[in-house]
Amino acid sequence: MKKLFQVLCGIFLSASLVTSVTGTINAAPYKSYNYVNGNNGITDVAAPTAYLPVRVLDENNLGVKLSAPEDLCQDDEGNFYVLDSATGYVHSFTSNWEKRYTLFGYLEAGNQNPTDLKKPQGICVWNNILYVAETEGNQIVKYDINTKEVIGFLKQPKSDLLGDGFEFRPKKIEVDSTGRIFVVAENVNQGLMELTQEGAFVGFVGSNSVVASPFEVIFRYFLTEEQIANRVAFVPVEYTNISLDPSGFIYAVTAVSEVNTPIRKLNPAGKDILVRNPVNGVDAVAGDLLYDKSSAAADRGPSSFVDIAANDQGIYFALDNNRGRIFAYDEDGNMLFEFGGNNTYQTGTFIQPSALGIVGNRIYVLDRDRKNIVAFEPTEYGQAIMDATRSYVEGNYEKSLVQWEGLLRKNCNFDLAYVKAGFCLYRMGDNEKAMEYFELANAREYYTKAFVKYRKDWLNENFTWLILGAIMILILLIVVIWLIRKWKNHRKEFGSGTERRGVGG
């Protein structure tokens, strides 16, 4: 039944995409999909487009030439800052992308000409201070965003934990509300580096480990020590980027495919607290679940994340450099939607995406190769998903139920919508109806929970009648037994009298 329903739904959806003239799918330069978990496992099915490109920012409308846009951030006033790693410049714009100024570098002692930043790769703003991670300059440069002057340098930190041969090559940087500085440093695989505002090294946060496959573990059992030494070591790997969400938690990503958890959410203690409990039963939050593993194509293999950002709803967006896609997840690790693509010259696809930023519901993606910034906005479908998610997170289950049911009319292959509608009903106490939605999503675990609750509620509601029924049955049994015994005794007495009369004759 579920399979037939999905087939009919897919035919209807495909037809609507073909015949629609004003529909968002036709306007999109990329295909959108979501995953469903059926009898044959995880499969991808067509889905309406959730985000569309609405604006391209480049030298034609920015007033500055971008050679290799690398990173993007905003200050508290909404002003944008764009880092160009090729020139070392940091360009500042208003919230409407009107040019404000450009930072060209810094003055060194005894030198009247400014020194260009050497391959900077990361920026962030905190407390009116712009932090620039100058990778090849082996330092972090601090600017006052109002005076545009350099106010300090954070050079190579000293610590026994770093070793004598350590070279400080900062790539990405974030500063939390308390002023703690977190740095992604090149060739550092112990985790994020935490620094004070003065540049003192505090320690490492959130080590990212590589997990060996079962085959590799068995295979190594038969190798010599020399052969094992020549194979790739399963050591922690370095992060590629970090971002702070509105609550102060750190989201971190890695581009290494062997890492079991390429997306992490770190609490202040550095522990990974990202929830990986998607409704499709696959506990991986890793972008594409189905991909080419063996071809010679440049985009083969799993997703390779280069940036991440989260909004105030707990929805986070991860940028995949491998196929140029942006994946959106809710707080449970469910993929809400994806958009974008690569290797085409259509607006909304990328060649070398390097960073993303979130401003309200608008998403900006930097493309290092195309030297531009693309702004995306949600379609009606995408906005409906975020609205339904917000209502659910806020506990407004009646409103959320209506929204998820509305989404099912737009995309009947959306397993998450079935499950969320089921959970809304479950929270509202309608377990029987919730079971129907869970069954349509092939969500056996949730179906069982709803069934147990439904059975318990049914027993509680009908307990009095069950007891009365049991008593009536018991009384009826007693009466029947009494009648049977009485009939047997009567028959015995009648039989004895007949025998006596026969003997006397």
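Readers should treat all values here as calculations from the given coordinates under stated rules, not as data from a laboratory. None of these values were measured; they are calculated from a predicted model. We place every Cβ from the backbone using ideal geometry, glycine too, and count neighbours over all the protein chains shown.
The stretch 313-418: which chymotrypsin sites (Phe, Trp or Tyr not before Pro) are DSSP loop and have at most 14 other beta-carbon atoms within 10 angstrom?
Of the chymotrypsin sites (Phe, Trp or Tyr not before Pro), the ones in loops of the stretch 313-418 whose Cβ has at most 14 other Cβ atoms within 10 Å are Y345.
Remind me, relative contact order of the stretch 60-113 in percent, using alpha carbon pairs under 8 angstrom and six or more residues apart?
Relative CO of the stretch 60-113 lands at 24 percent.
Within the P(r) computed for the stretch 22-119, what percentage of the Cα pairs occupies the region above 22 Å?
So the pairs more than 22 Å apart make up 55 percent of the total in the stretch 22-119.
HN-Hα J couplings of the stretch 365-378 from phi, Karplus 6.51/-1.76/1.60, θ = phi - 60°, integer Hz, Gly and Pro as x?
10, 8, 10, 4, 6, 7, 6, 8, 10, 10, 9, 10, 10, x
So which lysines can K148 reach, going by Cα to Cα under 26 Å and dropping same-chain residues fewer than 8 places off?
K65, K99, K118, K119, K171, K172, K371
Going out from 0 in 5 Å bins, what whole percent of all Cα-Cα distances in the stretch 260-384 drops into each bin?
Each 5 Å bin holds this share of Cα pairs: 2, 10, 20, 23, 20, 15, 7, 2, 0.
For I484 and Y101 in one chain, what is 0.36 nm times their gap in residues minus the Cα-Cα distance, to one decimal in nm?
Working it through step by step, the gained length comes to 127.5 nm.
Tell me, in nm to one decimal, what length is gained between N277 and T347 on full extension, where the rule is 0.36 nm per residue of separation less the Cα-Cα distance?
Separation in residues times 0.36 nm, less the Cα-Cα distance, equals 21.8 nm.
Kindly put E432, E174 in sequence by how many other C-beta atoms sit within 10 Å of each C-beta, fewest to most.
Result, fewest neighbours first: E432, E174.
In which sequence would D367, D75, D44 go, from the one with the fewest C-beta neighbours within 10 Å to the one with the most?
Neighbour counts put them in this order, fewest first: D44, D75, D367.
Could you give the C-alpha radius of gyration of the stretch 78-199 expressed as a fraction of 2.2 N^0.38 Å, taking N as the number of residues it contains?
That ratio works out to 1.06.
Quick one: compute the contact order of the stretch 276-377, relative version, from alpha carbon pairs under 8 angstrom and 6+ residues apart, as a percent.
Here the relative contact order equals 18 percent.
Checking the cross-link filter: which lysines have an alpha carbon closer than 26 Å to that of K453, excluding same-chain neighbours under 8 positions apart?
Partners within reach: K2, K399, K420, K433.
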